[in-house]
Amino acid sequence: MSSLSKFRLALSLSAALLTASAASAQEVVNWVHIEQNPDTVRVFEEIAAGYEALHPDVDIKLQYLENEAYKARLPTMLQSNDAPDIFYSWGGGVLAEQVKGGVLRDISASVDDAWKTSIAPSAFGAFTVDGKIYGVPVRTSLVGFFYNKKLFAQAGIDEASLGTWSGLMAAVDKLEAAGITPMALGGQEGWPQHFYFSYLAIRTAGHEKLNAALAGEGEGFRDPAFVQAFQLLADLSAKNPWQEGWQAATTGDSYAKFGNGEAAMLLQGDWARASTATESASGQGLGDDLGWFAFPQVETGIVDSKETFGGVNGWIFFKDASDAAVDFVRYYSSRENLIKLANEGYQIAPMPGMADELKDTWQKMVAQTIEASAFHQNFYNVMFSEEVNRELLDIVTSVVTGDRTAEEAADALQTAWEFSH
Amino acid sequence: MAMAIAEKIGALYTRANKPLRLSRGTTTALIFILPALLLFTTLVILPMAEAASFSFYEWGGYGDVGQFVGLKNYQRMFSHPVFSRALFNNFLIIVVSILVALPLAFLLAVLVADKFKGVSFFRAIFFIPYILADVAAGLIWRFLYDGQYGVVQFVAGLFGFTAPYLLADRDLAMYAVLAVVVWKYFGLHMIIYIAGLQSIPREVLEAARIDGASWWDTLIRVIVPMMGPTIRLTVFFSIIGSLQFFDLIMPLTGGGPQNSTQTLVSYLYNFGIVRLNIGFGSAVGVFLFLVCVVFAFSYRRLLMAKD
């Protein structure tokens with residue numbers, strides 16, 4: 001090879017290297033999610049691909065982490081060099097801690113009125129700390145009772161009686177008399193039994209008393225309304241309505257128990273509907289026997305409570321996240337994409353007029369209920385720091401097992417809350 | 001005794017006072033040690049020191065290290081009933097390992113140490129639980145213990161009674177865990193014992209037989225004493241392993257029900273990492289580290305010095 005052709009080869013090689021590095025000089029946006037449903041993940045991927053097609057210089061990278069692993073690993077990930085740009089949040093106490101730790105990007109400047117009103121402005125409140133917006137709400141859920149129509153008929157329960165707490169208690173008695181396990185519960189993780197307490201507290205104390213307690217006002221959680229919620233849970237637990245071995249059962253076990261038709265009720269979020277089928281032995285679940293009723297009114301609590309209970313989730317941003325990351329979530333939260341996510345990915349967004357866009361009648365009902373709600377309360381446990389959250393779960397469990405009285409539980413919760421402040 | 005110690009200290013003193021003169025060999029050695037020392041310092045010593053320093057702070061893990069709180073984390077830890085429970089559970093695991101798992105392993109080792117037809121089959125069978133990943137073993141036992149579909153319930157049914165939901169009962173769950181501990185780890189000790197047994201000289205055993213020693217006498221008066229170093233080693237492994245016990249607990253019970261099966265490490269994980277209380281978790285870590293170090297050094301000094 002002559003020296004000239006050597007020179008030419010070197011030149012073309014370096015040119016090739018240059019173009020290669022130019023092609024890879026894309027902006028990478030790392031997006032960590034905890035979604036297990038393959039349909040939802042497919043929609044995520046389609047949305048990412050849609051954005052990349054519009055912005056060829058941006059590369060959206062999805063990374064999946066399991067729920068509990070995600071919560072435990074996130075603090076370490078945010079300290080490392082591969083901190084994600086966009087990640088999942090439940091709002092509440094952990095969000096406040098992340099803001100305090102200075103690891104989040106304040107996106108207030110990017111959230112204009114057009115964006116705010118395209119999603120429900122009140123939902124942005126779940127991601128607002130000290131007047132600054134840190135996240136975009138894209139998902140909401142509703143907790144209520146799934147029930148087995150066949151088992152209810154067998155026990156002779158009139159579904160109209162389930163509007164009140166005393167009606168529900170009577171139904172538990174009837175089911176037990178008929179030899180049917182009234183309720184399936186995944187007790188190992190703690191949060192499923194906390195749903196009972198939280199919804200009861202919504203009915204006896206309401207969101208104003210919760211906010212007052214969280215602000216350190218008045219008697220806090222020692223308020224009689226919270227004691228009453230613990231007492232009602234203790235009364236229900238005294239009937240021992242759960243399946244045998246509930247303490248070691250996972251949430252998945254409880255879905256299976258209910259989906260197999262071995263327990264008559266399941267207090268869970270709307271996300272559990274598909275799981276009660278997939279986790280059941282037949283894989284079919286209850287089919288047409290699957291029913292749903294809203295958490296009953298408590299006659300001795302707030303009269304005609306219009307509040308509902310469920311989560312609000314959204315995407316939040318690492319402090320060094322680029323403008324492209326925020327822009328991508330803006331694209332993600334467009335009306336068109338949120339409707340696609342709801343219809344194909346089973347995630348209902350807190351968006352005005354969502355119910356009208358939904359094809360599935362049951363999902364429509366869920367969206368309508370949330371839209372008609374006077375106040376949609378975020379999960380109680382996530383309103384606290386992670387430490388008080390787990391303490392609350394332990395306290396609720398001890399009420400269910402009868403190890404703590406209602407007064408002791410309320411006192412323990414207030415003590416735990418005070419300790420962390 | 002005092003005299004001997006004084007002499008020793010004296011010797012150290014004179015040695016220390018000698019002018020520092022590195023021989024060629026020492027310099028070479030230092031150069032060779034340097035990379036390892038650097039790695040050890042940056043990857044082991046520094047993180048440990050950092051974790052120890054976190055234990056004096058109240059820190060949620062996000063952002064900069066939080067507020068200095070002195071010994072508050074340690075005070076909380078020692079006054080926490082779940083911590084005492086975890087400590088007690090670790091103690092239980094140690095006791096059961098030494099009193100049940102090790103004798104069982106020794107007995108089986110004696111049975112399968114000699115060569116006979118099918119011996120490798122039995123050795124493999126006994127060793128399989130140890131090969132199995134801890135998490136897999138935990139999941140398998142979770143199914144076995146299931147009160148509705150589990151094998152335990154099936155076996156109980158054969159004898160005409162119903163077994164309780166073992167893992168759901170906080171008074172029984174720890175015993176269920178202990179059974180798994182024995183099942184999981186006796187195989188390892190058995191293999192170590194077999195190696196020890198095979199190193200006992202044939203002549204000694206033959207001499208015992210010629211002298212008319214019974215099987216039992218041979219076992220107690222010849223084999224066990226000659227296995228001293230091996231037994232001390234397995235006790236050491238058992239105790240250190242028990243203190244670090246974690247992988248099996250998480251899939252099996254997660255420390256529940258109601259914290260009745262927490263061990264020190266699962267306590268550290270659940271109350272330090274999961275609750276985003278890194279300072280507190282570090283305090284537990286420091287405690288665990290000190291227990292392990294003190295135990296390891298004193299055990300090796302006192303009981304394994306001659307081995």
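No value in this document is a laboratory result; all are computed from the given coordinates. Bear in mind that the values here come from a model prediction, so they are computed numbers and not experimental data. Counting neighbours? That spans all protein chains shown, and the Cβs are built from the backbone with ideal geometry, glycine included.
Worth pointing out:
- Residue among A:Q284, A:Q188, A:F230 farthest towards the positive dipole end of the range A:171-294, charges placed on Cβ: A:F230
- Between the range B:232-249 and the range A:249-321, the alpha-carbon center distance in angstrom: 41 Å
- Antiparallel bridges, percent of DSSP beta bridges restricted to the protein assembly as shown (to nearest 5): 60 percent
- Whole-Å semi-axes of chain B's equivalent ellipsoid (Cα gyration tensor): 39, 36, 17
- Efficiency of FRET from Cβ geometry, B:A195 and B:W215, R₀ 30 Å, rounded to 0.05: 0.90
- Computing FRET efficiency as 1/(1 + (r/R0)^6) for A:S161 and B:S23, where r is the C-beta to C-beta distance and R0 is 60 Å, gives about 0.05.
- Estimated distance in nm for a label pair at B:R202 and B:A136, the labels positioned 7 Å out from Cα along Cα-to-Cβ: 3.8 nm
- Of all lysines in the structure, those lying under 23 Å Cα to Cα from B:K306, and not within fewer than 8 positions of it along the same chain, are B:K8.
- Label-to-label distance, nm, for residues given as B:F68 and A:E176 (7 Å Cα→Cβ offset): 5.7 nm
- Separation in nanometres of the label points that stand 7 Å from Cα toward Cβ, at A:D320 and A:A274: 3.5 nm
- At q = 0.06 Å⁻¹, base-10 log of I(q)/I(0) for the protein assembly as shown (Debye sum, equal scatterers on each alpha carbon): -0.49
- Working from Cα pairs under 8 Å separated by at least six residues, relative contact order for the range B:74-302 is 30 percent.
- Above-threshold pairs, the threshold being 25 Å between Cα atoms, out of A:K71/A:K319; A:K209/A:K257; A:K71/A:K132; A:K257/A:K359: A:K209/A:K257; A:K257/A:K359
- Inter-part distance where the range A:60-132 and the range A:367-401 are each reduced to a Cα centre, Å: 19 Å
- Mean sequence separation of contacting Cα pairs (under 8 Å, at least six apart), scaled by the length of chain A, corresponds to a relative contact order of 25 percent.
- For A:R404, B:R301, order by how many other beta-carbon atoms lie within 10 Å, fewest first: B:R301, A:R404
- Residue order for A:K61, A:K150, A:K174, fewest other beta carbons within 10 angstrom first, comes to A:K61, A:K150, A:K174.
- 16 Å Cα-Cα reach of A:K174 towards lysines, excluding residues that sit fewer than 8 places from it in its own chain: A:K149, A:K150, A:K239
- Sites A:S282 and A:L62, calculated FRET efficiency, Cβ-Cβ separation with R0 41 Å, nearest 0.05: 0.80
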